[in-house]
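Everything below concerns the one structure shown next.
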Amino acid sequence: MSKVDPITTEIIRNAFIAIAKDMNATLIRSAFTPVIYEGKDCSVALIDENGDVLGQSLGLPLFLGNLEICVKLIADQHGWDYFKDGDVFYMNDSYMTGTHLNDSTIITPIFWRGRRVGFAASRAHWLDVGAKDPGTPVDSHEIYQEGVRWGPTRLYEAGKPRDDVINLLRLNSRFGEATVGDMNAQIAAGRTGEQRLRALFDRFGAKTIAAARDEIFKQTEMREREAVEALPDGEYRAEGYLDNDGLGSDPLLVKVRITVKGNSMTLDLDGSAKQARGPVNCGMTQTIAAARVAYKLLICSDVSPNGGSFRALEVTVPRKTIFSAEEPAACGWYFSSLGLLIDLVIKALAPVLPDKAAGAHYGDSMVITVAGLDPRNDNRFYLMIEPTTGGWGAFDGGDGANSLINNVNGSFKDLPIEIFESKYPIQILSYGIRQDSGGAGRYRGGNGTYREYLVQADSNLFLWFERSKTTGWGIFGGADGAAPNVIVRRPGEETLEFLKINGIKVGEGTVIRSVTGGGGGYGNALERDPKAVREDVLDGFVSSDYARSAYCVVLTDNLEVDIEGTSNLRTERIGIR
Amino acid sequence: MSRYRVSADIGGTFTDIVVEPSDGPVFIGKVATTPDNPAGGVINGIKDLVSDLSQVDFFVHGTTVGLNAFLERKGQRVLLITTAGARDSYTIARGNRHTLYELRYQKPKQLVPRRDVHEVRGRLAWDGRVLEPLNRADLEPIIEKIRNEGIKAVAVCLLHAYAYPQHELEVREALAAALPELSVSLSHEIAREWREYERASSAVMSAYVAPVVQRYLSSLQQQLLNMNMMAQVHIMQSSGGVTTADNARKNPVFTLLSGPVGGTIAGTALSADTHRPNLLCVDMGGTSFDVSLVIDGKANATLETELEGLPLLMSIVDIHTIGTGGGSIAWLENGAMRVGPHSAGSIPGPACYGRGGTEPTVTDANLFLGRLGTGSLLSGAMSLDEAAAREAIERLAHEAGLERTPFAEGVLAISNATMADAMRTITVSQGVDPREFTLVAFGGAGPMAAAFLAEELDIGEVLVPRFPGAFSAWGMLQTDLRHDFTQSFFRRADAVEYGVLEECYEALELEGKASVSQEGFAEKDISYQRSADMRYTGQEYTINVPVPAAIDMATTISDFHAAHQRRYGHSNPVAPVEYVNLRVAAFGAVKKFAKTHRVSAAAKVSAAVGERSAVFNGVAHKTPVLLRDGLSTGFRSNGPVIIEEQSATTVVPPDWQAEVDAQGNILLRRRSD
């Protein structure tokens, strides 16, 4: 192997990362739909000729370490020579990409002076890929109901678009033009990667780049292995439940066993729920990606991921579980189990990484959908879909964040009430931080959120709320956060409570109140500084009553800490325990 | 008798002053900033340059006083009043994450704690209809609290106030009746557009920094008056226009980023002077690197920004800051070599500053390679310690297993490549190609790196303006008075009647006229720029499209499609388009001298200072060192050559050539031979 100096290596390393950023900037700049250019529900990677990552932009976390697996899967199926200069591949098959069919993976092989030197790959969420209902159905039980499945398919061949194929994509979407627009944006991102990587080869040559790459991978692997080596050898376990599969099943077990041995780590998901009938399954590729996200949150978080990353991590999953779905399992809501998986890996390793870990967060995207005809707009169809924020876990040194979007989401921002009310025939009656919902602890779990909708046109309501069985748990003695709930009050009818529902009628005057869960606490609540509890009461994050019952902090009428009362109450409580 | 136009850019460490006489070339000064009495340093600096302040016709300055008050969290306590039910919009701050791989994410710290956010009943609909009248009784306990706790400032942000401001005005009236001394900042007056969190954040910021900025401005005005300066005190706004101190006191938030935008505005003047429409402006100092764009002669602007994660809605010159500068530290990690983002700052500063810094920085590498001389900084007023730089470089080079010279060149190569990568990403996201731009380099460290950055980006031409260290201050003298007005206007474009649109613009212009003439401008000197924030139906974000007066609406719509095409690479001419906001910028033309002289016709000093050995690409070259003050129009030289002046050092590498143009700018070009 030829040797390359550290200066050139560093310039090439920075260039790989910059190329990925440029690809991402191109994708976001050219995308048609807001879910990509505002929600940043996308990810890109620059990949070498062997399918290893050179640089990745930090887009949607859940897609970390996924795109290169897709490249390798194609090569496994067809051989590396299957990729030709001028090709652009599209694929969305859940059993290959791991995610739902809406996620489009586009791969451009990059050639330089007649040889394959790498790949530019991107993934972005497309609005509609021809499922039985608009967007992503909440009650599917076969993948065929979720849209059209594509294995690796050439959109371009020898540099020319295959119009027949592209037309097929257009025809199988409710928003065909936007779909093709987003496809073009992904192809443009691939072109940017192609041009920039070729320019880098022109400047440094193949030998130098290969040597620098090997050095970069080696350095990354070394750093990660050092971090894993620092963990005590042993087995670490955690488990939790998804509420159900969306079609009314029993709770679904997710079981995590991590074995640390020397400088490597194995994550075993044996014992986790079998493939479910409802759409909560995901392909193995996405399970590996989620495991990598959890690992990345704990190990060398500051290192930009590349082909040297994750070499210390092995993931094993038995066949036909919710984490290794096979045809015809439904995968529409593939991410609910993955948010839980990530939280569980952190829980399992918390005892040996107390300075990195945090209590669990509220857990899932908590999606509410209301659809109907808007009388203000000539009775045109409207579709309101929004995820809801919730509480995050506390950690050593800080309280969990209140009302923050969940970990598998991207750069989501809530829709301002002012914009919301102009777009939809719905008024937001109240929106706020849910008092006392964060788990008590030396550091307090973040509070969840409430949002109250007054429906002003006859509509249908769909809900996907999760994590009421395994709520945001505390660690090191911290208490668990509260569970989510949704209350529907239809005029003149009995109040209903749901978490998941596939379309009930909600007429004018209906009030829907969604409430999300809190994050877990960190450490014993009786060790929380009474002054901090008082501050929380002043800010309304904690009520006086809860301060007393959960923290044993007594406040006087003018909200000063009653030092003696607090001390007595805490002593008494410890005595009882 | 000479008359003068004077500008001052008050930075954290130094204040740059530019004086433009009516009858001679521009000259500059630099004094230490005096943080305890920011006005004091400026006044001393001006007095050094202009003996009789009554000869000053125009004075403008940029200041970080307000920004620092925010960054150091030294503003005043603010209470926020919101609509019942929507109180937590401010504290939730839209629930998003700025960094995604962070288990311990904490939201940006808000200026108003939740306990000081209060609600008042009274509800509007999105189109401004009153669904429920304002409940003034709800204000009683709030007034009681303000009185009891001695709160001096209140921000008010009610839902949909952009569409119907009356409720906010009523709140102010009720507060004023009970508490006449209270300062009240209404969200619709700061930003009359939708998005309640961003608008509340802007109103809070304005209330928060107000007293600090107001105190400072009053003190400066008083002290200048005492020195017989009769000219109005002007201040630079984030929008790139100036305003009077009297007006800035009303809404201080608009001056928050008044310092850095001067550079981009100077870029627009340079663009006109040199007939180069597209400029990539880079301002490199000790710790940061600011990149901004001039496209078609106009400063690239944005309508909102964030400060430490807190949003501000206001027209602002778009500047990207990267944490690379002369102070960036080189270090090793697992055998890999890195430069930055840690910086030695100004204390201890680079090793060669001799203030206790021991780690090698970009500046140390420049000194070691001879590109910077020991007496290059501040005309020799600050001497650099070459031995300290050598020692720092030697130690790390040894650890990295490299010779000193390749190591030092490597430090620069890495930092240049990092800056160029970031610049490229910025241009890609704007849909422009850096190769179509001329690089403009200023700030203390910019002209040293300029040619190397241009090479990385494949740019063939670099401009180093006269007085690169004071370029921002110079830019402030080139701009006009500007006040911005916005009206939210949420309609489908094809359903809007021309008369309605025209009426709205005229109303905004009337507001503009009142406000600008209040600043002492005659009607003939007032002009307006109309624009509209537009988007495709269904999109969230908008594009700001200029709307020349009396244009037909179809042209505006096709201009929107074209702007969308440029910005996003695609457009859809058949898709419905909607208006979101109408904007008017009202300008008062500031009187300027007939001709801006920036260089003497005949140099009064000798150009040649000497020569030193400077390393380029591993080869030591005997390199002439010239004094810029001695160069006049028409000067031409092949590299390698080093051109020094008080505020910066320009490095011309061997395969580049330099010439001085008619305005006194140094133009660097890649040699074709």
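General observations
- Acute angle (nearest 10 degrees) that the helix B:166-178 long axis makes with the longest principal axis of chain B, alpha-carbon atoms: 90 degrees
- Cα gyration tensor, chain A - rounded (a/c under 1.5), prolate or oblate: oblate
- Most tightly packed first, judged by the mean number of other beta-carbon atoms within 10 Å of their residues, the peptides A:22-29, A:360-367 read A:360-367, A:22-29.
- Counting only other chain Cβ atoms within 10 Å of each residue's Cβ, the peptide B:331-341 averages 4.
- Heavy-atom surface of the protein assembly as shown, accessible at 1.4 Å and reported per residue (Å²): 36 Å²
- Computed from backbone phi with θ = phi - 60° and the Karplus coefficients 6.51, -1.76 and 1.60, the 3J(HN,Hα) list for segment A:439-450 is x, 6, x, 4, 10, 7, x, x, 7, x, 10, 10 Hz; x is used for glycine and proline.
- Normalised contact order of chain B, rounded percent, pairs of Cα under 8 Å and 6 or more residues apart: 12 percent
- The residues of segment A:3-44 listed by number as losing at least 50 Å² of accessible area in the complex, against the isolated chain and with a 1.4 Å probe, are A:Pro6, A:Ile7, A:Glu10, A:Ile11, A:Asp22, A:Arg29, A:Phe32, A:Tyr37, A:Glu38.
- Carbon + sulfur, % of accessible area of the protein assembly as shown - ligands and nucleic acids excluded, 1.4 Å: 50 percent
- Segment B:551-590 versus segment B:217-282: alpha-carbon centroid distance in Å: 28 Å
- Here the relative contact order of segment B:218-257, from alpha carbon pairs under 8 Å that lie six or more residues apart, stands at 32 percent.
- Between A and B, buried accessible area from a 1.4 angstrom probe totals roughly 6400 Å², ignoring ligands, DNA and RNA.
- Modelled label positions at A:Arg174 and B:Gln223, each set 7 Å beyond Cα in the direction of Cβ, lie 6.5 nm from each other.
- In plain terms, the C-alpha convex hull of segment A:389-442 casts an average shadow of 5.1 nm² when viewed from every direction.
- Chain A: relative contact order in percent, alpha carbon pairs under 8 Å with at least 6 residues between: 12 percent
- Local charge for A:Ser304 was computed over the other residues whose Cβ lies under 11 Å away, with Lys and Arg +1 and Asp and Glu -1, and equals +2.
- Measuring spread by the Cα atoms of the protein assembly as shown yields a radius of gyration and Dmax of 31.3, 94 Å.
- Neighbourhood net charge (12 Å Cβ-Cβ; Lys/Arg +1, Asp/Glu -1) for B:Val609: -2
- Loop sites by DSSP among the GluC sites (Glu not before Pro) of chain A, restricted to those with at most 16 other Cβ atoms within 10 angstrom, leave A:143-325 as the longest stretch without any of them.
- Three principal axis extents describe the C-alpha atoms of chain B; from largest down they are 80, 64, 58 Å.
- Efficiency of FRET between B:Ala514 and B:His320 - r from beta-carbon atoms, R0 35 angstrom, step 0.05: 0.45
- Between B:Ala381 and B:Glu497, the distance separating the two model label sites (each 7 Å from Cα on the Cα→Cβ line) works out to 6.5 nm.
- Taking every DSSP beta bridge that has both ends in segment B:1-77, the antiparallel portion is near 65%.
- Size descriptor for segment B:602-655, Kirkwood hydrodynamic radius: 11.6 Å (Cα pairs only, one decimal).
- Membrane-span-like helices of chain A, defined as complete DSSP H segments with a Cα extent of 18 Å or more along the helix axis and a mean Kyte hydropathy of at least 1.6, are identified as A:336-349.
- Cα centroid separation, segment B:369-443 to segment A:405-449: 46 Å.
The values are calculated or read from the model by the stated rules, or taken from the named source; none is laboratory data. This is a predicted model, so every value here is computed, not measured. Cβ coordinates were reconstructed from backbone atoms using ideal geometry, including for glycine residues, and neighbour counts include every protein chain displayed. Heads up: the accessible areas ignore ligands, DNA and RNA and are worked out on the full protein's heavy atoms, side chains in. Shrake-Rupley method; radii C 1.70, N 1.55, O 1.52, S 1.80 Å.
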